[in-house]
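Note sheet for the following structure.
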Amino acid sequence: MAATENDLTPDMTVDTNANAGGSRSTWGGVLAAAMLLPGLQAPALAETPPEQAEMSVKLLHYRDRQPGFDRIKVTAPSVYLMVPVAGRWSVEGSLVNDSVSGASPRYHSAVSGASRLDETRKAGDVQVTRYNDRDAWSLGAAYSTEHDYRSRTVSAGYRRSSEDNNTTWNIGAAFSDDWIGSSDDPTLSRGRNTTQLTVGVTQAWTAVDLVQLSLGANWGHGMYSDPYKFPDRRPDRREQYTLMTRWNHHFSDWKATLRSSWRYYADSFGVRANTLESAWVQPLPGGWTLTPSLRYTTQRAAKFYYDPVYDAALGAPLPPGYTATSPQYLSPDQRLSAFGAVTVGMKVAYDIAPNWTADLSLEHYEQRASWRLGGSGSPGLDRFQADWLQVGLSHRF
């Protein structure tokens, strides 16, 4: 299953007391308050270690489908724990167990059949963080395994806050070592290594505005071809780059926060994608919070993606005129095609009691070739839909 996930493409409490004004020189602590605005993944102030432990348990259910064809179903329980240690340290980690069933993707609309799958993925990660007066560093490790895929990752991060506590810079690096097999080919045993680097800055622009800029780069070498598709031959090197900007604005009169972001993605396969996202975080009386969200992605196809032609005699969608000596690289994977996609979501959170919070999240994703912006999408592809349902319970102590 995970060997079919080789493609990274495009495809979060509110402070209600932030002041509406104030000069930049008198903002002391503004970033500390603004960091409570949701949607920014950068860490809070480096000199402020967590004072309470936190534990959360979540259950995710995922389902995707194409017209007349239910595909994948995933049930994934997970647990997260973060514990402060000795005043200057924290240790956090998570465990997840995915149960996956269904059928592999129908990668062209004329293909009516697909191989069945039923498997389990187990994954976990741990991170240790040390907090100093104005900076903090962290070390982490992650492991994921299933019958045809294994991934091991080590990571490190560093962040530093300015003297006025209004700016935080961060840098992170990670290295992943993956093994890829195949249920269809017991002899397949390939590897892939990936080096990742991220840098970013978060700035309290005003007392009610928080902005963030982050850059990311991945350099990978190894197997990227999908063993469950034929023909599928991809380069054994892949470079991936991302640029993301975020802006959170707090409306004091409404006690609400608007989250917005833009993400640009490019890779050496030729994929180019832009993603725009917005969400409205609205606290309500009685401890409730509603967060509707909307996301749009438009993507250009990979250089070697082809629009297949279904041949009933051969039993597979193949490039026009395909032979065993056809181009060195080619793939019919729909995730490498040109398309547009929209995701609509809603999250409901409720403070059950002091330090106890329950939440429910729903998201619906729909992908169509005709929704691509700036050019026509790849022809001959079925509409693709997916739904996420997640329930969770969190406790601080």
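Full extension of the chain between F175 and H249 gives 23.2 nm of extra length, using 0.36 nm per residue less the Cα-Cα distance. Only lysines eight or more places from K73 in sequence, or on another chain, were considered; those with a Cα closer than 27 Å are K58, K122, K229, K347. With the highest mean first, a sort of the peptides 297-304, 244-251 on other beta-carbon atoms found within 10 angstrom per residue produces 297-304, 244-251.
Readers should treat all values here as calculations from the given coordinates under stated rules, not as data from a laboratory. Small disclaimer: the values here were computed from a predicted structure and weren't measured. Cβ: placed from backbone, ideal geometry, glycine included. Neighbour counts: every protein chain shown.
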